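Data first, discussion second: the structure below is written as structure tokens.
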Amino acid sequence: MQIIQTGDGSHTLYLPELNETYHSRHGAFRESAYVFIEQGLQWRLAQEPVPSGIVIFEIGFGTGLNALLSLIFAEKHKIKTIYHSIEQYPIAVEVAKTLNYCSYLEDNNLQGIFEALHYCDWNTETAISGNFILHKILADFLSPAFSPPQCDIIFYDAFAPSKQEEMWQLPVLAKCVEALADGGALVTYCAKGQFKRDLKSLGLKVETLPGPPGKAEMVRAVKA
């Protein structure tokens with residue numbers, strides 16, 4: 001595993017054995033902020049009030065960047081947020097500590113919070129801040145024994161279909177749709193045709209949106 005700098009100056013991780021990165025080489029921060037926060041979390045909250053707070057389910061905790069950006073959003077807007085994230089192969093905390101997200105945001109006060117995301121226990125809910133509860137799930141999403149938590153939005157951030165094909169199959173997507181609340185959305189950087197057709201077959205309204213830097217398109221799929 002190697003730390004590399006992406007096009008916007010923020011870090012990502014590169015796995016030589018898969019020839020795959022955790023985020024876009026064109027900009028890790030810009031991809032996460034656009035796909036998951038702007039077109040996902042922010043969009044969902046603009047649709048209707050959520051007085052009791054919002055529940056997010058992320059597939060692939062990875063570097064913790066999506067969780068960090070969600071925490072920042074929750075605190076800025078005072079939105080009670082429960083953030084479930086499943087990961088089968090966590091990165092080492094010592095690796096996470098060297099990622100430059102907090103200095104990239106020019107807020108070194110975030111460093112302790114970012115490290116807390118990685119240090120906190122797995123399979124238990126942890127209050128990271130006044131508005132953000134993190135529940136990291138150490139498990140295999142593909143296991144028949146695993147059922148996703150009920151949620152308002154899904155951050156589908158598995159590795160690309162060409163690298164992790166099993167995570168993009170219809171039965172896996174059906175698991176997600178079952179967990180998604182009415183009016184909720186699944187957002188992802190992927191916009192492959194078969195993927196979109198599968199989501200439509202599961203009853204979701206599929207929107208193909210302009211993608212983040214380096215990608216022509218992304219997908220937001222809404223459960224009516």
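Filtering region 1-23 to residues that are closer than 30 Å to LYS80 by Cβ and either modelled with pLDDT under 95 or among the aromatic types (Phe, Trp, Tyr) (or both) leaves only TYR22. Here is the figure for region 162-185: residues that are assigned to a helix (DSSP H, G or I) and either modelled with pLDDT under 95 or among the acidic types (Asp, Glu) (or both) total 3. Under the condition of being part of a loop (DSSP other than H, G, I, E, B) and surrounded by 13 or more Cβ atoms within 10 Å (Cβ to Cβ), the residues counted in region 141-161 number 10. How about region 52-100: which of its residues are touching a His at 6+ places or on another chain (Cβ under 9 Å) and of a type in the set (Gly, Ala, Ser)? Of everything in region 52-100, those that are touching a His at 6+ places or on another chain (Cβ under 9 Å) and of a type in the set (Gly, Ala, Ser) turn out to be GLY62, GLY64, SER85, ALA92, ALA96. The residues on offer are GLY53, GLY60, GLY7, and the sole one that is within 17 Å of CYS190 (Cβ to Cβ) and either of a type in the set (Gly, Ala, Ser) or touching a Gly at 6+ places or on another chain (Cβ under 8 Å) (or both) is GLY60. Restricted to helices (runs of 4 or more DSSP H) entirely inside region 61-135, those with at least 2 residues that are modelled with pLDDT of 95 or more and β-branched (Val, Ile, Thr) are 93-96. I want to confirm something. Restricting to region 92-136 and keeping residues that are free of Cβ contacts under 8 Å to residues at least 12 places away in the same chain and touching a strand residue (DSSP E or B) at 6+ places or on another chain (Cβ under 6 Å), which single residue is surrounded by the fewest Cβ atoms within 10 Å (Cβ to Cβ)? Only one residue fits best here, namely ALA127. Can you pull out the residues in region 159-197 that are under 13 Å from PHE36 (Cβ atoms) and not hydroxyl-bearing (Ser, Thr, Tyr)? Within region 159-197, ALA185, LEU186, VAL187, CYS190 qualify. In region 14-40, of all residues being in contact with a Ser or Thr (Cβ under 6 Å, 6 or more places away or on another chain) and of a type outside the set (Phe, Trp, Tyr), the one that is surrounded by the fewest Cβ atoms within 10 Å (Cβ to Cβ) corresponds to ARG25.
The values are calculated or read from the model by the stated rules, or taken from the named source; none is laboratory data. The shown structure was predicted, so the numbers you read here are calculated from the model rather than taken from an experiment. Neighbour counts are summed over all protein chains in view; Cβ atoms, including those assigned to glycine, are modelled from backbone coordinates with ideal geometry.
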